[in-house]
Amino acid sequence: MLTPEIAARFARIALGHVTREYPHKLDHVMDGPEDVLSPSQLHPIFHGSFDWHSCVHGWWLMLRLRRLFPDLPEARQIEALAEEMLTPGKIAGELAYLDRAYSGGFERPYGWAWLLALHREAQRHEDQPWGEDLAPLAAAFADRFRLFLPKLTYPLRVGTHFNTAFALTLALEWAKANDDGLAELIRRRARDWFEEDRCYHGWEPGGDEFLSGGLSEALLMRAVLGDSGFAAWFDAFLPEAVVGLPRSLFTPAIVSDRSDGKIAHLDGLNLSRAWCWRGLAGALDPALADLVLRTADEHLDASLPHVAGDYMGEHWLATFALLALER
């Protein structure tokens, strides 16, 4: 369970990296020598945490913990840093980056979805201006979803940043509160892509995946179909789940080298699977629900001790641990 002690630890981890500029992996297309700029010149806010999207969800983690545990000493540090960084001028700088040449695919769709999740969390802090200030940036990414989803003929089912279902799960939560038209578009496209899926084979994980393609899809379809429609869909999608098959979905991934940034993704897989299994349990029959909750605990046990220690995991894993524990 998420305790104040764990929350404080996660907050300290994020406070330690969201403004750490280097090392940094850019998602940046240069159109000329004038585009050779540092991360902080390109991104006034989200230049820490090794890459843009990890910095965005590091901020999501900090704001969420500030709301869930307002009495933590770390909550005051989060507030002070937000007052310094989440300013209209710096947000305008992040927005300006989206107008640069070749930025159409920037952080699509993972970073888009996390920015919407950050804005939705910021809106819940009614004592602060963060939600209102971030609104233009959120609107820009919502527009990108609105333009992109109709022309995406085929969903991306990989277990990395390009996964369609994971991004739409986060985007749908934002859209339900802010944009009914986008929410309906997400529901429609999710049904187009996934409603007829049957007998998922569970050929996962790949060696660098931090998401389960199958479970990410299932979590989205629960949100789209509602519990009554979801039960029949899930029975067809994973017909042998009640006996723990396919076994790969019920077995934590082995992480052989946590200093390797790609292999370290597998700790994220264990944490994100725990989040998905816990998020699905309430819509499943009791026997299956008991099995998937035990499975979630096994996945947490495998990777929760490793959210810090090597920067290849430390710059992002606490976010997925929080998703799982908060469930």
Ser228 fails exactly one of the following numbered conditions: (1) assigned to a loop (DSSP other than H, G, I, E, B); (2) more than 22 Å from the chain's Cα centre (by Cα); (3) among the polar types (S, T, N, Q). What is the number of that condition?
(1)
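Among the residues of segment 165-179, is there at least one that is among the acidic types (Asp, Glu) and either over 25 Å from Trp316 (Cβ atoms) or touching a strand residue (DSSP E or B) at 6+ places or on another chain (Cβ under 6 Å) (or both)?
At the first step, the residues of segment 165-179 found to be among the acidic types (Asp, Glu) are 173, 179.
Then keep just the ones that are either over 25 Å from Trp316 (Cβ atoms) or touching a strand residue (DSSP E or B) at 6+ places or on another chain (Cβ under 6 Å) (or both); that gives 179.
Yes: one or more hits.
Among the candidates Leu2, Leu68, Leu15, Leu37, single out the residue that is under 15 Å from Leu81 (Cα atoms) and at pLDDT 95 or above. Give the derivation first.
Numbers: Leu2 fails: under 15 Å from Leu81 (Cα atoms); Leu68 fails: under 15 Å from Leu81 (Cα atoms); Leu37 fails: under 15 Å from Leu81 (Cα atoms).
Just one listed residue meets the conditions, Leu15.
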Can you tell me which residue within segment 172-197, out of those that are open to solvent by 50 Å² or more (accessible area, probe 1.4 Å) and not in a helix (DSSP H, G or I), is farthest from Gly111 (Cα to Cα)?
Glu196
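Please verify whether Gly48 is touching an Asp or Glu at 6+ places or on another chain (Cβ under 9 Å) and of a type in the set (Gly, Ala, Ser), treating the condition exactly as stated. Lay out the reasoning, then the answer.
Numbers: touching an Asp or Glu at 6+ places or on another chain (Cβ under 9 Å): yes; of a type in the set (Gly, Ala, Ser): yes.
For Gly48, the condition - touching an Asp or Glu at 6+ places or on another chain (Cβ under 9 Å) and of a type in the set (Gly, Ala, Ser) - is met.
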Name the one entry in Trp52, Trp60, Trp112 that is surrounded by 13 or more Cβ atoms within 10 Å (Cβ to Cβ), touching a Ser or Thr at 6+ places or on another chain (Cβ under 9 Å) and closer than 27 Å to Gly313 by Cβ.
Trp60
Select, from Asp35, Asp27, the only residue that is of a type outside the set (S, T, N, Q) and open to solvent by 40 Å² or more (accessible area, probe 1.4 Å).
Asp27
Kindly check whether there is at least one residue in segment 272-283 that is over 17 Å from the mean Cα position of the chain (by Cα) and either buried (at least 20 other Cβ atoms within 10 Å of the Cβ) or not in a helix (DSSP H, G or I) (or both).
yes
Within segment 305-327, count every residue that is within 15 Å of Leu61 (Cβ to Cβ) and open to solvent by less than 60 Å² (accessible area, probe 1.4 Å).
15
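Of these, Asp290, Asp257, which one is at pLDDT 95 or above, out of contact with any helix residue (DSSP H, G or I) (no Cβ under 7 Å at 6 or more places or on another chain) and in a helix (DSSP H, G or I)?
Within the list Asp290, Asp257, the selection yields Asp290.
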Keeping to segment 122-151, report how many residues are within 21 Å of the chain's Cα centre (by Cα), of a type in the set (D, E, K, R) and surrounded by 17 or more Cβ atoms within 10 Å (Cβ to Cβ).
1
Report, ordered by the first and then the second residue, all pairs with beta carbons closer than 8 Å, sequence separation of six or more or different chains, a first member in segment 99-121 that is closer than 16 Å to Leu152 by Cβ and touching a residue at least 40 places away in the same chain (Cβ under 8 Å), and a second member that is part of a helix (DSSP H, G or I) and among the polar types (S, T, N, Q).
Pro109/Thr164; Ala113/Thr169
Please pick out the residue among Thr164, Thr169, Thr160 that is crowded, with 17+ Cβ neighbours inside 10 Å, among the hydroxyl-bearing types (Ser, Thr, Tyr) and in contact with a Pro (Cβ under 7 Å, 6 or more places away or on another chain).
Thr164
What number of residues within segment 86-110 are farther than 19 Å from Gln41 by Cα and assigned to a helix (DSSP H, G or I)?
1
What pairs come out if I take residues in segment 278-291 that are farther than 12 Å from Ala231 by Cα and pair them with residues that are modelled with pLDDT under 95 and open to solvent by 20 Å² or more (accessible area, probe 1.4 Å) whose C-beta lies under 7 Å away, six or more apart or interchain?
Arg278/Arg327; Gly279/Arg327
Mind checking whether some residue in segment 228-241 is surrounded by fewer than 20 Cβ atoms within 10 Å (Cβ to Cβ), at positive phi and out of contact with any Lys or Arg (no Cβ under 9 Å at 6 or more places or on another chain)?
no
Could you tell me whether any residue of segment 212-219 is part of a helix (DSSP H, G or I) and either over 19 Å from Ala171 (Cα atoms) or over 19 Å from the mean Cα position of the chain (by Cα) (or both)?
no
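The values are calculated or read from the model by the stated rules, or taken from the named source; none is laboratory data. This structure is a prediction, so every number in the text was calculated from the model and none was measured. Ideal geometry is used to build each Cβ from the backbone, glycine not excepted, and the neighbour counts take in all protein chains shown. Quick note on the areas: whole protein, heavy atoms, side chains included, nothing else; ligands and nucleic acids left out. Shrake-Rupley method; radii C 1.70, N 1.55, O 1.52, S 1.80 Å.
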